[in-house]
Amino acid sequence: MKLRKNNFEKKEVSLKTPKIEKITFNFSFITNQNGYDLLSNKEIHSKFIERVMALSSDNFVNVLMLKREQGFEQIPDREIKYINCPTEFVNSHRNFESGDKFWVFRLSNKGRVVGKMIDKTYYVIGIDTKFDSYKH
């Protein structure tokens, strides 16, 4: 019995490093509704910046896998009260692109940030320090 020589070519396989994608934050459409805007909530500024930095420094996939206490939770539009998407957001068709849910992240026991997400961009809409914008 004659053994055949292996005719397979050796191919070099390059393993690509997975693309790290991060969330970005947009403040263009933050509400000016008194009590839900960032300016009237000065006591939470440092916590807000801390959370934005933490969420935007991690890989987007990892952020989505966090528990709601550390990451995001989705709340249907119909359940959000008092915080409305600004007219400019709706008129730009971003409201349609962002779907029918708000994305919320926590500022520990100081409040909740309510926004919309399109792709990996989080549009900050309002800050709820009264805990009255949706049923908790």
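Annotations for the structure displayed:
- Of all residues in region 35-55, none that is touching a residue at least 24 places away in the same chain (Cβ under 8 Å) has its Cβ atom under 7 Å from the Cβ atom of a residue that is assigned to a helix (DSSP H, G or I) and exposed (fewer than 14 other Cβ atoms within 10 Å of the Cβ), 6 or more apart or on another chain.
- Residue list for region 19-46, filter: over 18 Å from the mean Cα position of the chain (by Cα) and of a type in the set (A, V, I, L, M): LEU39, ILE44
- Taking the criterion of being in contact with a strand residue (DSSP E or B) (Cβ under 7 Å, 6 or more places away or on another chain) and in contact (Cβ under 8 Å) with a residue 60 or more places away in the chain, the residues of region 93-113 that qualify are ARG94, LEU107, GLY111, VAL113.
- The condition of being touching a residue at least 12 places away in the same chain (Cβ under 8 Å) and of a type in the set (A, V, I, L, M) does not hold for LEU66.
A short reminder: the numbers here are calculations on the coordinates, not readings from a lab. Predicted, not measured: the structure shown is a model, and the values here were computed from it. Neighbour counts are summed over all protein chains in view; Cβ atoms, including those assigned to glycine, are modelled from backbone coordinates with ideal geometry.
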